[in-house]
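The structure appears below as structure tokens.
The values are calculated or read from the model by the stated rules, or taken from the named source; none is laboratory data. Please read these numbers as outputs of a predicted model, since none were measured by experiment. Virtual Cβ from ideal backbone geometry, glycine too; neighbours counted across all protein chains shown.
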Amino acid sequence: MLRDAGDIIDRLSIAQLKSERIGSPENKNEFRECWEGLFTHILIHPDINWWSLINEIYEYNRNIWDLESEIRCCKIDNNLKEVGKRAVNIREWNKQRVRVKNKINQLFGDGFPDIKKDHISE
């Protein structure tokens with residue numbers, strides 16, 4: 001099954017972050033598999049600036065990862081104001097990430113829009 005380009009780029013950027021930050025063989029394999037999945041789209045649409053799209057979603061996912069990191073590691077549990085602030089920032093970065101994924105899929109007439117129903121990020 002051919003995944004939509006927005007989803008592949010999103011997964012690719014997350015796999016890249018995992019590969020860079022965790023570096024396990026599984027993470028590196030996932031990164032390679034995502035590139036293989038994107039390759040078909042690149043061949044079909046060689047005129048698209050793929051690097052720009054990949055970098056944009058990578059930056060959104062990197063920012064989300066960085067904001068979530070200290071929350072996941074319980075480093076700021078005693079600072080509820082900071083946890084709340086990060087939650088709002090994560091929501092805003094996620095909104096931008098979803099916007100770009102939808103733009104990519106619309107550009108290709110690919111997949112379905114990612115719509116958050118009854119979600120605060122709407």
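Quick test of your reading of the structure: Asn102 fulfils all but one of (1) in contact with a Pro (Cβ under 9 Å, 6 or more places away or on another chain); (2) at pLDDT below 90. Name the failing condition by number.
(2)
Please tell me if Asp47 is charged (D, E, K, R), over 28 Å from Arg91 (Cα atoms) and modelled with pLDDT of 90 or more.
Answer is yes for this residue.
Just wondering, is there one or more residues in region 10-23 that are of a type outside the set (Val, Ile, Thr) and modelled with pLDDT under 90?
Looking for residues that are of a type outside the set (Val, Ile, Thr) and modelled with pLDDT under 90, one finds at least one in region 10-23, hence yes.
Could you pull out every one of the helices (runs of 4 or more DSSP H) wholly within region 25-111 that has 2 or more residues that are in contact with a Gly (Cβ under 8 Å, 6 or more places away or on another chain) and surrounded by 13 or more Cβ atoms within 10 Å (Cβ to Cβ)?
80-108
Restricting to region 3-50, what's the tally of residues that are within 14 Å of the chain's Cα centre (by Cα) and free of Cβ contacts under 8 Å to residues at least 12 places away in the same chain?
Total satisfying the criteria: 0.
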